[in-house]
Amino acid sequence: MKLSCLQENLAKGLNIVGRAVSTRSTLPVLGNVLLATDNGRLKLSATNLEIVITCWIGAKVEEEGAITIPARTFNDLVGALPQDQVDLELNEQTQTLHIACQRTQANVKGIDAQEFPLVPEPDRNNRIRVETDVFKQMINQVAFAAATDDTRPMLTGVSTTFEGSQIMMAATDGFRLSVRSAHIPGHVETANTVTIPARALAELARIASDDTNAVYISLPEGRNQIIFDMENVVLVSQLIDGNFPDYTPIIPKGHRTRTIMNTAEFRKACKTAEIFAR
């Protein structure tokens, strides 16, 4: 492998995939980031076996190849480099990556890319399109209500239903409930309900660029996974097995009293009261 790319693009790509790097795994390769040439671009990928994040950046590729490099070391090194061209060259015999940028020269020992877990490919023929800004807003309004402890794994996820031309998301930790629905372009032939880990959706909201118009969602058959495709970034997450609690009876069907308040004034009052709630 021999290629060159801009330090700014490489640092941005490492920042995107970095949160998927495993920090506690017994498998050393999961603490690494995969670097591989792919159709004239550099592919970066990281996984903790629960989620996989892959992104592509522009590069001038002279020789094809792949290697996995310790993520923290490589990220810190790239962050310290000047904003200039970075040259990467792999010695396949020693599995060592040579990094050069202006006056900086470094060699980092890696692990063979064959040991890195297989990265699933998105299904580009059977997928659901959701507008990026709408999807990010839904995640921010729902995922916060999911449980953070693993005593009830199902409640750490967000129940997501695709039906007709609508998507509905719901999350609860047993004390609070948040539900949001939205219109989606196109039409889903067969209704489908899955439970997506809230942590995976939070990562998706973090890395989804406002420049991207849409997020494409696919559910591969028999793999218990969901794939989010955003042009140059792909996030794959495991789904949570089990039945999400039926939350519909909790939502009141009517009311005796209804109050309409100014949103900004209500938020200000809540923040003032929260000082004492802390």
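The table below lists the values:
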{"item": "Sequence-distant residues sharing a close amide H with Ala214 (under 5 Å, placed H)", "result": "Thr132"}
{"item": "Rg(Cα) / (2.2 N^0.38 Å) computed for the range 222-278, rounded to two decimals", "result": "2.01"}
{"item": "Karplus (6.51, -1.76, 1.60) ³J(HN,Hα), θ = phi - 60°, over the range 112-123, in Hz, Gly and Pro reported as x", "result": "3, 4, 5, 7, 6, x, 5, 8, x, 9, x, 8"}
{"item": "Flagged links, alpha-carbon separation over 32 Å, of Lys43/Lys136; Lys12/Lys271; Lys109/Lys136", "result": "Lys12/Lys271; Lys109/Lys136"}
{"item": "Inter-probe distance in nm under a simple model that places probes 7 Å from Cα toward Cβ, at Gln93 and Thr148", "result": "5.2"}
{"item": "FRET efficiency for His183 and Thr248, using Cβ-Cβ distance with R0 set to 22 Å, rounded to 0.05", "result": "0.65"}
{"item": "Choice from Val108, Val234, Val86 with maximal GNM fluctuation in the chain (Cα, 10 Å cutoff)", "result": "Val108"}
{"item": "Cα centroid separation, the range 201-242 to the range 62-139 (Å)", "result": "19"}
{"item": "Likely footprinting exposure, Met168, Met230, fewest C-beta neighbours within 10 Å first", "result": "Met168, Met230"}
{"item": "Linear extension gain, Thr73 paired with Thr23, 0.36 nm per residue minus alpha-carbon span", "result": "16.7 nm"}
{"item": "Peptides 3-15, 184-196, 139-151 ordered by average Cβ neighbours within 10 Å, highest first", "result": "3-15, 139-151, 184-196"}
{"item": "Normalised alpha carbon radius of gyration of the chain [divisor 2.2 N^0.38 Å]", "result": "1.17"}
{"item": "Cβ-Cβ FRET estimate between Asn107 and Ala205, R0 fixed at 41 Å, reported to 0.05", "result": "0.65"}
{"item": "Fewest-first ranking of Leu201, Leu30, using other Cβ atoms within 10 Å as the exposure measure", "result": "Leu30, Leu201"}
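A short reminder: the numbers here are calculations on the coordinates, not readings from a lab. A quick note: this is a predicted structure, and the numbers were derived from the prediction, not measured. Positions of Cβ are backbone-derived with ideal geometry, glycine not excepted, and every protein chain shown enters the neighbour counts.
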